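Below you'll find the structure, written out as C-alpha cells, and then a few comments.
The values are calculated or read from the model by the stated rules, or taken from the named source; none is laboratory data. Computed from a predicted model, the values in this text were never measured in an experiment. Every residue, glycine among them, receives a Cβ derived from its backbone with ideal geometry; neighbour counts consider all protein chains shown.
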Amino acid sequence: MSNISKCKTLIEIKAFSKPLIANLHKLGISNIQSLLLHLPLRYIDETRITVVRDLRLGDAVQCEGEIVHAEVTYKPRKALIARLEDASGQLTLRFLHFYPSQIAALAVGKKLRVYGEIRHGFFGYEMVHPHCKSVGKSTQVAETLTPVYPTTAGLTQTNICKAIALAIQQNELIETLPADVYKGLNLPAFKVSIHALHSPPPEANLIALENKTTPAWRRLAFDELLAQQLSMRKHYAHRRSIDAPSMASSKILVAKLLRHLPFKLTKSQQKVIAEISHDLTQPHPMQRLLQGDVGSGKTIVACLAALQAIEHGWQVALMAPTEILAEQHFKKFEMWLKPLNLNIAWLTGSQSKKERERALTDIATGQAQLAVGTHTLFQEAVNFHKLGLAIIDEQHRFGVQQRLALRKKGEPEPHQLMMSATPIPRTLSMSYFADLDVSVIDELPPGRTPIVTKLISEERRDEILQRVREACLAGQQAYWVCPLIEESEALQLQTANDTFAYMQATFPELKIGLVHGRMRPAEKQAVMAQFSVGNIQLLVATTVIEVGVDVPNASLMVIEHAERSGLSQLHQLRGRVGRGAAKSTCILLYQNKLSEAARARLKVIFENNDGFLIAQADLHLRGPGEFLGTRQSGVPMLKIADLERDTDLLETAKNMADSLIKECPQAVEAHLERWMSHAGELVKV
Ligand code: ADP
Ligand code: MG
C-alpha cells in the first residue's frame, strides 16, 4: 500500500486532446482518479451473436446478417424499415428518425451486426433503433461486456471508452485500504474491481452488474461510503479542536422559567435538554440537530438552551425562515423571558428604520440577551456583543452558507443548535449527517388527539365548504390552504385572493381572514394575531403557514390540490392542526387523474401520522438527492452507493472509520485524496 502520488491531472496524459479534456470537465472529471471512477450506467452484451431463430421477446441481444430488404415508408408515419436475414430467419429493423447516411448503411446487401431489444412488430420480431455496425470477414465479437457511460454532448461512447482505457493504463489503481479490511468483508481489491466494472468478462452476471450488487460494485460503494465517513469524522474531530465558550448548566434562570411554565416537560424533552445542556458546558462548539415531529415542543427546548447561555453572559440568536414564524417566536420568548427581566431584540426585513436601528444597537451593546429574526440576523450590519449560541429553527429551510454566516457572528465560535421537524431517516443521519450530533424528541406532549386525515376528490369541494362553515359556526377554527403553484407566485396569490373573495361572499356569517407571502409583514402579523385570539374563524392561506405556526385552537384544515405538494410539506401543513385537545381533521382535496407519484404520496400521508415514517417513505420515493438537496446538506452526493441497497456497507464503514483514522492515517489520506477529488469540493458546516 502506498500513497496516491498526487492525483495525475488530465493534461498529463499526452494522448488527451484539449476538446476531450474540456468535455471530461463538463462531466466533473478533472483528474485520472475521477476518470477511473466514472463508472458505467449499464452494459450491453456484444460478446455473442444470437441467431434469429433463438430470439425471445424482451431480450437485448446482438444479431448478425445481411440486409435483404429496405424501404422508407410514410404510413402510419415516416419510418425506415429494413429486414436482416441470417441462416435461421429474418428480423425487422425499424427507425423512426434517421439520416440519409443511415439509409445508405442499411442498403440491401450490406452485412450488419445489430444490437437492440426484441419487440413485437407487425412482421414478427423487430428491433427499434438498433445500434448497427457493419461487419467484414474478420470482425470479432467483443471480448468483454460493453460499458455504457454517462456522457455529455460532444463526447461519444467510443471516445469516453478510449479515455478510460488510457486512464487504466496509467497505473493509478493503487490500493488505499489495508488488505485485511477489504478481504475481511469479502470484497475484491480496488484494481480488480475497477477492471471488473470497466470491462466485465462475458460470463459476468448482467443483472447483478446493473443492480450494482456484484462484488466489484460493492467494493466501490464501500470505498465511497468509507470516504464519506472518514471526511465526516475528521471534520467532527476538527471541530472538537476549536474553542467555544463553555457554559456551566443553569442554576437560576431555567428553574425560574420552569416554575412558571403552564405545562410539564415530556420525558423526551427532558432527555434532549440534558444532551444540549451537556454540549454547552464543553469548550468546543456544539453542532447538534434537534429533531422532533411537528408539535413535539422544540421551542421550549430552544428557550431552555438559550437561558443556559444567557445566564453566563452570552447572547443568543434565534433564526427562523419566515417572518410569521419569527414573529411568533418573538412573542413566545417575550412571554417566557420578560418575567425573568431579559430583553429580546427583534429583527426582520421589514421593520421601520428606527425600529431596526434600535434592535441593532441593543444587539451590539449586549442590551438584548436574545435576538430573534429571519435571515436578516446574519447580515453584515448585525454585530453581536457576545454571541454564544446560534439557534436555527427549521434548519432545512436554510442553506449551508447561511448557517455558516450566522455562526461567523461569534468569537470564539458560538455553539449551534439546529432544529428540524423534517426528520432525517436513520440511513441519512448515519451518512450525510454523520458529523452532527443528533437529539430526537420522540413523543408528543400529552393530551393531543391524533389528526384524522381524509382524502377527498375536488369534485366534492362544495360539500367540504359547507362542512368548514358548520365547524366554524360550532366554535372551531379552520385553515383553508390554497394550492401551491410552482410556476407562478403571482398565480398563487391570485388564487388565494379569489378564494378569499369567494368565501367572504358565500359565508357572510363567518369571520374570514387571508394571509399570503406578499402581504406586508405588519399586515400578516395582524391577521395571524387575530386568528390566534379567535377573532378570525376561517383563515385562507397560502403555504406561508407551512412552518412553525402554532394556533392550538385551530382544528380543521383543508388543503387544496394536495396532489401538488411534497410529502414533507403536507406533513408540515397538517401539523398546524392537532395542537390542542380538540379532535382535529385534515382534508386533502385532490384533482382526479392523479399521476402515479402523486398517488403514492397521498397514500403515504393518508396512512401515516408519524413524521419519521413519512420521511422514510419520502426518501424512498425521491432518493437522497432530491430529499436533501446539496444546498441543504453541503455534502457531496453519493454517486455509487445507495443507502437503501448498501445499508450493510454503510454500517461497516461507520463502525470502521474512527479506528482507521487512528491506526492507518496514511491509508486514510490516500483514500480521501482519491474519493474527495471525485466528489468535488466538500463544504461542510
Ligand atoms: P414544534 O416542535 O413543532 O416547534 P412547538 O414548540 O411549537 O412545536 O410546540 C407545540 C405546542 O405544544 C406549543 O403550543 C407548546 O407551547 C406546546 N408544548 C410544548 N411542550 C409541551 C409539553 N411538554 N406539554 C404540553 N404542551 C407543550
Ligand atoms: Mg417549531
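Listed by first and then second residue, the pairs with beta-carbon distance under 9 Å, at least 6 apart or on different chains, first residue in the stretch 286-300 and at pLDDT below 90, second near ligand 2 (Cβ under 9 Å from one of its atoms) and among the acidic types (D, E), are G295/D550.
A single entry from A496, A478 fulfils the requirement of being more than 16 Å from ligand 1 (Cβ to nearest atom) and assigned to a strand (DSSP E or B): A478. Please go through the stretch 499-515 and give me each residue that is assigned to a loop (DSSP other than H, G, I, E, B) and touching a strand residue (DSSP E or B) at 6+ places or on another chain (Cβ under 7 Å), ordered by number. Residue satisfying the conditions is L510 alone.
Here S565, S555 are screened, and the one residue that is within 16 Å of ligand 1 (Cβ to nearest atom), of a type in the set (S, T, Y) and farther than 23 Å from T376 by Cβ is S555.
When the stretch 145-177 is filtered for residues that are hydroxyl-bearing (S, T, Y), within 16 Å of I29 (Cα to Cα) and either free of Cβ contacts under 8 Å to residues at least 12 places away in the same chain or assigned to a helix (DSSP H, G or I) (or both), only T156 remains.
Would you pick out the residues in the stretch 269-301 that are surrounded by 17 or more Cβ atoms within 10 Å (Cβ to Cβ), of a type in the set (S, T, N, Q) and more than 9 Å from ligand 1 (Cβ to nearest atom)? Scanning the stretch 269-301 gives S277, Q287, Q291.
One line per residue, one yes/no per condition, for (1) more than 12 Å from the chain's Cα centre (by Cα); (2) among the small types (G, A, S):
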| residue | (1), (2) |
| --- | --- |
| A617 | yes, yes |
| L638 | no, no |
| T652 | yes, no |
| C664 | yes, no |
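Every condition in (1) crowded, with 19+ Cβ neighbours inside 10 Å; (2) more than 15 Å from Q477 (Cα to Cα); (3) more than 16 Å from ligand 1 (Cβ to nearest atom) holds for Q537 except the one numbered (2).
Exactly one residue among I194, I242, I276, I207 is assigned to a loop (DSSP other than H, G, I, E, B) and of a type in the set (V, I, T), and that residue is I242.
Selection of helices (runs of 4 or more DSSP H) fully inside the stretch 552-653 by the criterion of at least 3 residues being within 30 Å of R219 (Cα to Cα) and modelled with pLDDT under 85 returns 611-628, 630-633. V272 meets all of the listed conditions (1) within 16 Å of ligand 2 (Cβ to nearest atom); (2) over 24 Å from A421 (Cβ atoms); (3) β-branched (V, I, T) but one, namely (2).
The set of residues from the stretch 61-102 being within 14 Å of H129 (Cβ to Cβ) and small (G, A, S) comprises A79, A82. Could we say that L417 is touching an Asp or Glu at 6+ places or on another chain (Cβ under 9 Å), under 19 Å from V440 (Cβ atoms), in the same structural domain as A345 (by TED's automatic domain parsing) and crowded, with 24+ Cβ neighbours inside 10 Å here? Yes, satisfied. Condition check for T365 on (1) touching a residue at least 12 places away in the same chain (Cβ under 8 Å); (2) surrounded by fewer than 23 Cβ atoms within 10 Å (Cβ to Cβ); (3) of a type in the set (S, T, N, Q); (4) touching a strand residue (DSSP E or B) at 6+ places or on another chain (Cβ under 9 Å): one failure, at (4). A163 passes every criterion in (1) of a type in the set (A, V, I, L, M, F, W, C); (2) touching a Ser or Thr at 6+ places or on another chain (Cβ under 7 Å); (3) under 30 Å from L672 (Cα atoms) apart from (2). Pairs linking a residue in the stretch 256-276 that is charged (D, E, K, R) to a residue that is away from ligand 1 (no atom under 13 Å from the Cβ), with Cβ atoms under 7 Å and 6 or more positions apart or on different chains, are K256/L340. Among the residues here, V301 does not qualify as within 15 Å of ligand 2 (Cβ to nearest atom), over 22 Å from K409 (Cα atoms) and part of a loop (DSSP other than H, G, I, E, B).
Residue selection: Q328 fails the criterion of being under 25 Å from A244 (Cβ atoms) and polar (S, T, N, Q).
Among the residues of the stretch 352-360, are any among the basic types (K, R), farther than 30 Å from G625 by Cα and part of a loop (DSSP other than H, G, I, E, B)? No, that holds for no residue. Tell me, yes or no, whether the stretch 23-34 has at least one residue that is in a helix (DSSP H, G or I), at pLDDT 90 or above, of a type in the set (K, R) and not assigned by TED's automatic domain parsing to the domain that holds G109. Checked against the condition, which is being in a helix (DSSP H, G or I), at pLDDT 90 or above, of a type in the set (K, R) and not assigned by TED's automatic domain parsing to the domain that holds G109, the stretch 23-34 yields at least one hit.
Does A529 satisfy being surrounded by fewer than 21 Cβ atoms within 10 Å (Cβ to Cβ), within 16 Å of ligand 1 (Cβ to nearest atom) and assigned to a helix (DSSP H, G or I)? Here the answer is yes, as A529 does meet what is asked.
Looking only at the stretch 429-487, residues that are within 16 Å of ligand 2 (Cβ to nearest atom) and either more than 28 Å from the chain's Cα centre (by Cα) or free of Cβ contacts under 8 Å to residues at least 12 places away in the same chain (or both) come to 2 in all. Of the residues that make up the stretch 546-563, is at least one in contact (Cβ under 8 Å) with a residue 40 or more places away in the chain, under 25 Å from E463 (Cα atoms) and touching an Asp or Glu at 6+ places or on another chain (Cβ under 8 Å)? Yes, because at least one residue in the stretch 546-563 is in contact (Cβ under 8 Å) with a residue 40 or more places away in the chain, under 25 Å from E463 (Cα atoms) and touching an Asp or Glu at 6+ places or on another chain (Cβ under 8 Å).
Candidates P262, P321: the one that is part of a loop (DSSP other than H, G, I, E, B), more than 28 Å from the chain's Cα centre (by Cα), within 15 Å of ligand 1 (Cβ to nearest atom) and in the same structural domain as T365 (by TED's automatic domain parsing) is P262.
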